[in-house]
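*Asks:* Quick one: this structure, given as structure tokens, is what I'll be asking you about.
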């Protein structure tokens, strides 16, 4: 049944109660009381239907309200007090309005009928609510379906009430008495089925003990007053004898139930403290198990761990000894100062083999030499391991200020909780690592994007010059950079550089270097002068731990020559015939030295180009590529590959180099960027290239 259908059904039930209650009131006003069977039958039927739908409506009300057991008991007590007031003082209330109260009850007029109806209505509503509340308590926390037992008792209540009106002759009285006695026996049986007390705390049980005495006394007094020759008894009997019997049975049931409740609670109190402790353990573990799957800051998690540890073990103080780079620090202190915990930490670490600790151990501080330095005395401690990734990362401490011993139950609880705490801490550590990894990956993405945008999209096209460039980024972005500067139709500038460091910082410096070389290449032609100016700029912006290695060159097509200057970078290689020559003019890295010293030591080399000369520029990502044995690819092997393929095109040479590097380092991850730029000169000239190279001089 859907929620909407259920609401409609409940509304119909309540409306039916109002309809039958209205019919009963009309019947009482317009029909004179009679001893005829028909009158009794109609009267009792209307009362039965009214009480039935009131009973059903109150069941729905209490179920929807979801009151606790103690709240229901308080409600029963309050309504019992109201019943006591009505039952005890009803005669006095009626006597305020009429001189002869009993005559008015037996021979009612309009006014007395109205007053009687009000009294009866209140008593009926209060009594039925109490009965429904008792039904709810009877079914509360029951493992099986015991509703049939309560319904059987209810049926006998109704039969006993009806029998009192129709089997009241001398010879048939035993029938109504038999049903009444069976009803009492069913009350006793059902009152023994009390399961919900076990789930109360000790404080709640003590409160319940007091309430059960007061409420049971009220039930006994009210049941006695409805059954004797009191004013309320006359009012109920004149209204309906079965109703009087039914209400009396409810009150007797309440007296028996709360009497049994008193003794049951009394027997539960000695074990209440142990139950409270177990309940605290279960609730704490349930709460903490939820925290394991949640996103938690490590500090917040540690605070929660010590708080629950103190409550689970009944300890006066708790804290965590956390191992960070072999330094043992106190964190998340609970009811103990950091000075005291620091003194105790050293004692604990020296006392136990903490690295191999697998379960909770207890320590007495009988031989603790610094006991006098503590601001509060600690007598015993429980120490449990906190593990992450299979290793003991910390110790969870629970401490008593007196000589109390930790019980075996406390040890088991702490052991269980330390396992939960270890999982939570490991999750927290993994979470922090995951967040850090995600942050680094985002940083690398930014660095890769910067690197992608600052490298040339394509190689320049010059007649008589083949250009091949290859860039393979590492997972952890390095600072490799190369670029071409088309100064004029007859002059091509180029640069290859490597920024120290990795990640986004290297990428940002690389972007700065690109801007510097782009600007300088537009106003200065000589490579040496460009590097001097670049060093002057970078020396002001780079920190002392960062530098940039670079090679800057200029190809002059009219003069068929190459001018090159180097700032601490890998040497350029000139492939001529079957030999490879290191072109390695002296020069410090950019940003390593002041302008004057850098300028004095920086050299420039001029080379007359010959047909099929090949100029190779590269970064150390090639020569320092490693295989599974951690051996370097090396400059020697690199040179051999270049010489062996010097007769091929620039693209073929670069492809061969990259293939060999890839095969060599296939079993080892690429640590650094790989950059390779190759120029192959195709023009013929009239100069003796060998002589020109030998006679070239360094330009200071």
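*Asks:* Could you state, as a whole-number percent, how many of the C-alpha pairs of the range 442-591 are farther apart than 22 Å?
*Replies:* Of all Cα-Cα pairs in the range 442-591, 41 percent lie more than 22 Å apart.
*Asks:* How much length is gained if the chain between residue 461 and residue 441 is pulled fully straight, taking 0.36 nm per residue apart and subtracting their Cα-Cα distance, in nm to one decimal? Provide the component values of the computation, followed by the final result.
*Replies:* Values: separation 20, 0.36 × 20 = 7.20 nm, distance 3.65 nm.
Residue separation times 0.36 nm, minus the Cα-Cα distance, leaves 3.5 nm.
*Asks:* What do you get for Rg/Rh of the chain when both radii come from the Cα atoms and Rh is the Kirkwood radius? Provide the component values of the computation, followed by the final result.
*Replies:* On the way: Rg = 48.6 Å, Rh = 35.5 Å.
Rounded to two decimals, Rg over Rh is 1.37.
*Asks:* What Kirkwood Rh does the range 455-684 have if only Cα atoms enter the pairwise 1/r average? Answer in Å. Kindly include the intermediate steps, with their values, before the conclusion.
*Replies:* On the way: mean 1/r = 0.0562 Å⁻¹.
In the range 455-684 this quantity evaluates to 17.8 Å.
*Asks:* Nearest 500 deg cm²/dmol is fine: what mean residue ellipticity at 222 nm does the chain get from its DSSP H runs of n ≥ 4 alone, each adding -39,500 (n - 2.57), divided by its residue count? Walk me through the numbers on the way to the answer.
*Replies:* Working: 21 runs with 401 residues, N = 700.
Per the formula, -19500 deg cm²/dmol.
*Asks:* Quick check of the Kirkwood formula: for the range 141-254, what is the inverse mean of 1/r over all pairs of different Cα atoms, in Å?
*Replies:* Radius from the Kirkwood sum: 15.8 Å.
*Asks:* How would 11, 140, 344 line up from fewest to most surrounding beta-carbon atoms within 10 angstrom?
*Replies:* Sorted ascending by nearby Cβ count, the order is 11, 140, 344.
*Asks:* Once you sort the root eigenvalues of the Cα gyration tensor of the range 453-521 as a ≥ b ≥ c, which label holds: rounded (a/c under 1.5), prolate (a/b larger than b/c) or oblate (the other case)?
*Replies:* Note, shape of the range 453-521 comes out oblate.
*Asks:* Quick one: Debye curve from the alpha-carbon atoms of the range 391-449 only, equal weights, vacuum; give me log10 I(q)/I(0) at q = 0.14, 0.24, 0.26, 0.29 Å⁻¹ to two decimals.
*Replies:* Scattering profile of the range 391-449, log10 relative to I(0): -0.60, -0.99, -1.05, -1.14.
*Asks:* Taking other Cβ within 10 Å of each residue's Cβ, how do 253, 671 sort, fewest first?
*Replies:* On the way: 253 25, 671 15.
In order of increasing Cβ crowding within 10 Å: 671, 253.
*Asks:* So for 141, 566, 545, fewest C-beta neighbours within 10 Å to most, what's the order?
*Replies:* The most exposed by this proxy come first: 545, 141, 566.
*Asks:* For the range 63-88 and the range 433-454, what is the separation of their Cα centres, given in Å?
*Replies:* 67 Å
*Asks:* Apply 1/(1 + (r/R0)^6) to the Cβ-Cβ distance of residue 640 and residue 352, taking R0 = 60 Å, and write down the FRET efficiency to the nearest 0.05.
*Replies:* 0.45
*Asks:* Moving on to the next point. Using only Cα atoms, find the angle between the long axis of helix 202-227 and the longest principal axis of the chain, and express it within 0 to 90 degrees, rounded to the nearest 10.
*Replies:* In the chain, helix 202-227 runs at an angle near 20 degrees to the longest axis.
*Asks:* Dimensions of the range 369-521 along principal axes (Cα, Å, largest first)?
*Replies:* Reported extents, whole Å, longest axis first: 95, 33, 18.
*Asks:* Another question, then. Between 0 and 90 degrees, rounded to the nearest ten: what's the tilt of helix 635-644 against the longest Cα principal axis of the chain?
*Replies:* Around 60 degrees separate the two axes.
*Asks:* The range 628-647 to the range 351-366: how many Å between their Cα centroids?
*Replies:* 59 Å
*Asks:* For the range 352-453, I need the span (max minus min coordinate) of the C-alpha atoms along each principal axis, in Å, sorted largest to smallest.
*Replies:* Reported extents, whole Å, longest axis first: 71, 32, 21.
*Asks:* Based on the alpha carbon coordinates of the range 535-608, what radius of gyration and maximum Cα-Cα distance (Dmax) apply, in Å?
*Replies:* 14.1, 44
*Asks:* 7 Å from Cα along Cα→Cβ at both residue 7 and residue 366: what's the point-to-point distance in nm?
*Replies:* 7.1 nm
*Asks:* Hey, got the Cα dimensions of the range 598-642 along the principal axes, in Å, largest first?
*Replies:* 41, 34, 13
*Asks:* Additional query: Using Cα atoms only, what is the angle between the long axis of helix 241-268 and the major principal axis of the chain, expressed in degrees (0 to 90) to the nearest 10?
*Replies:* 50 degrees
*Asks:* If I model the range 327-405 as equal point scatterers sitting on the Cα atoms and use the Debye formula, what is log10 I(q)/I(0) at q = 0.16, 0.18, 0.20, 0.21 Å⁻¹?
*Replies:* Log-scaled intensity ratios, in q order: -0.57, -0.73, -0.90, -0.99.
*Asks:* For the residue pair residue 409 and residue 518, what label-to-label distance in nm results when each label sits 7 Å from Cα along the Cα-to-beta-carbon direction?
*Replies:* Here the answer is 7.6 nm between the modelled labels.
*Asks:* Starting from the 7 Å offset along Cα-to-Cβ, what nm value, one decimal, do you get for the label separation of residue 629 and residue 586?
*Replies:* Reported label-point gap for residue 629 and residue 586 is 3.8 nm.
*Asks:* May I pose another question? Determine the equivalent ellipsoid of the range 293-433 by diagonalising the alpha-carbon gyration tensor, then write out the semi-axes as square roots of 5 times the eigenvalues, largest first, rounded to whole Å. Can you show the working numbers first?
*Replies:* Values: eigenvalues 107, 51, 40 Å².
Ellipsoid half-lengths, sorted descending, are 23, 16, 14 Å.
Coordinate-derived values only; no laboratory data. Remember, predicted model here, so these are calculated numbers, not experimental data. Ideal geometry is used to build each Cβ from the backbone, glycine not excepted, and the neighbour counts take in all protein chains shown.
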